[in-house]
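The values are calculated or read from the model by the stated rules, or taken from the named source; none is laboratory data. In this text the structure is predicted, and so the values were computed from the model without any measurement. Using ideal geometry, Cβ is built from the backbone for each residue, glycine included, and neighbour counts are taken over all protein chains shown. Areas reflect the complete protein model, heavy atoms only, side chains present, ligands, DNA and RNA absent. Shrake-Rupley method; radii C 1.70, N 1.55, O 1.52, S 1.80 Å.
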Amino acid sequence: MQSRRTFFEMVSTLPLVGGLFASTGGNRDFLKELGVKRIINGMGVYTMATGSLMWPETVEAMRSLSKTFVRLDDLHDAVGKRLAELLQCEAAMVPSGAAAGLTVGTAACITGTDAAKILRIPDTTGMKNEVIVQKSHRFPYDHMVRNCGVRLVEVETRAELERAINARTAMLLFLNKADPKGQVKAEEFVAIGKARGIPTMNDAAADVPPAGNLFKYTKMGFDLVAFSGGKGIRGPQSAGLLLGRDDLIRAARLNTAPHSDTIGRSCKVNKEELVGMMVAVEMYLKHDHEADWREWERRIKVMADAVTGLPGVRTERFVPEIANQVPHLRIHVDAAAAGVTRPEVLQALRDEEPEIEVVPGSYVPDTIEIASWMLQPGEAEIVGRRLRKALRG
């Protein structure tokens, strides 16, 4: 009793704010407390800018699940079943992002449901341990595939791909946004895998919108397809989708949490993200995407109009062919005529508050690219004014 009395006497002396039982309600300005600046997101759904903003319904679902306990595997099963129904595929699961989907999906192709193999990887001695990928489809996130102890075998032509397949081939890896660059296109790639009995995986992480892509690639025949949850779908940034064959999804589940001694144990998804991701998909599928598109086009026009007529400045509206497939504004800057360089403009956009971030890098020299879809109400007008000021030198 004395220890309890002492504890509560100690608690009573703590200040209300910052104390043990201090309120953490919605009135706290966490960014101000932590000294972190808010940005206007003209980049798009990059992880470095924290992806997208979740649906309010997703946030509420996560809050609701935070107040109870459940057997995690039971919830995984139920959410996977619901997602498979929504997305019209054989099976589905929620990994901790598309990158984690690559890891557990690759592991599934190596181990199946063999418990001994699951315990051993990334030691793949004696197992299928080669993944074939087109040279033009290599990308930073294929590290998530290599995590499983496989060797990536690069090919360029169909003939090279077919020759590379052998008894050690675990999987064929495809990067969806690189389809225009590769010689072996998506449907042909799938057909080769089917003919040779090799699973095919498609990384389509940033390829929603359009919403139809959520169905397109599994219906095309890819055995596994990975999507990011925290980009266009507006689910939790720490969640994603892995869709595909029932046997491979079951094997992927065995290669991740809550199973302890697995390659994907660190790729944990808790109850809140599971249900949050499911609700995000529900919201996304019934959303008015045409209305979104009209608003994105309006934002592009607002920003373009703000800088039209400035010396050395030319604008164009474009939509990427694949990935982040929404209206963007590209501003061409002739430094000699404008009296200001691209780096100077970018710095000017960061020098005032709130800071403005645009698409990192550019595929076209001396241009500034701005994505429309993560701008919030009123921000296109702010970006337009700030661009005009910066481009006037």
Legend entry - Residue-wise HN-Hα coupling along segment 80-91, computed from phi with Karplus coefficients 6.51, -1.76, 1.60 (Hz; x: Gly, Pro): x, 5, 5, 5, 4, 5, 5, 9, 6, 10, 5, 7
Inset, instruction - Find how many whole Å separate the alpha carbon centroid of segment 132-202 from the alpha carbon centroid of segment 363-393. - result: 38 Å
Legend entry - Order of exposure, largest accessible area first, which applies to VAL302, VAL326 with probe 1.4 Å: VAL302, VAL326
Legend entry - Accessible area (Å², 1.4 Å probe, nearest 10) - TYR141: 130 Å²
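Probe radius 1.4 Å, ligands and nucleic acids ignored: give me the carbon and sulfur share of the accessible area of the chain as a rounded percent.
For the chain, the apolar C and S fraction of the accessible surface comes to 53 percent.
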Legend entry - Convex hull volume of segment 338-393 per residue (C-alpha atoms, cubic angstrom): 79 Å³
Inset, instruction - Calculate, for segment 21-168, the solvent-accessible area per residue in square angstrom, rolling a 1.4 angstrom probe over the heavy atoms of the protein chains. - result: 54 Å²
Inset, instruction - Mind listing the long-range amide H neighbours of TYR46? Cut-off is under 5 Å, sequence gap 5 or more, other chains count too, H placed in the peptide plane at 1.01 Å from N. - result: GLY51
Legend entry - Qualifying lysines (Cα of each under 23 Å from Cα of LYS177; at least 8 residues distant if same chain): LYS135, LYS185, LYS194, LYS216, LYS219, LYS231
Legend entry - the chain, helix-only ellipticity at 222 nm - DSSP H runs n ≥ 4, -39,500 (n - 2.57), divided by all residues, nearest 500: -12500 deg cm²/dmol
Legend entry - Cα-based equivalent ellipsoid of segment 262-393: semi-axis lengths in Å, sorted from largest, via gyration tensor: 34, 18, 14
Inset, instruction - Normalise the Debye intensity by I(0) for segment 73-176, one equal point scatterer per Cα, no solvent, then take log10 at q = 0.12 Å⁻¹ and round to two decimals. - result: -0.47
Legend entry - When the convex hull of its Cα atoms is projected in every direction, mean area for the chain (nm²): 24.0 nm²
Legend entry - Average Cα contact separation per residue, segment 250-371, under 8 Å, 6 or more apart, as relative contact order %: 15 percent
Inset, instruction - Just need the Rg to Rh number for segment 208-290, please, alpha carbons only, Kirkwood Rh. - result: 0.99
Inset, instruction - Note down the magnitude of the dipole of segment 105-230 about its Cα centre, charges +1 on Lys and Arg C-beta and -1 on Asp and Glu C-beta and zero elsewhere, to the nearest 20 debye. - result: 100 debye
Legend entry - Solvent-accessible area of MET144 with every protein chain in place, 1.4 Å probe, in Å² to the nearest 10: 50 Å²
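Under 8 Å for C-alpha pairs, at least 6 residues apart: give me the relative contact order for the chain, rounded to a whole percent. Could you put the intermediate results ahead of the total?
On the way: 735 pairs, mean separation 85.1, N = 393.
Relative CO of the chain lands at 22 percent.
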Legend entry - Accessible-area ranking of PHE215, PHE222, largest first, probe 1.4 Å: PHE215, PHE222
Inset, instruction - Only Lys, Arg, Asp and Glu count, each charged at its Cβ (+1, +1, -1, -1), so figure out the dipole size of the chain about its Cα centre, rounded to 20 debye. - result: 420 debye
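Assuming a ≥ b ≥ c are the square roots of the Cα gyration tensor eigenvalues, decide whether segment 20-123 counts as rounded (a/c under 1.5), prolate (otherwise, with a/b larger than b/c) or oblate.
Prolate is the answer for segment 20-123, as a/c is 1.5 or above and a/b outweighs b/c.
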Legend entry - segment 256-262 - phi-based ³J(HN,Hα) in whole Hz, Karplus 6.51/-1.76/1.60, Gly and Pro as x: 8, 4, x, 6, 6, 8, 9
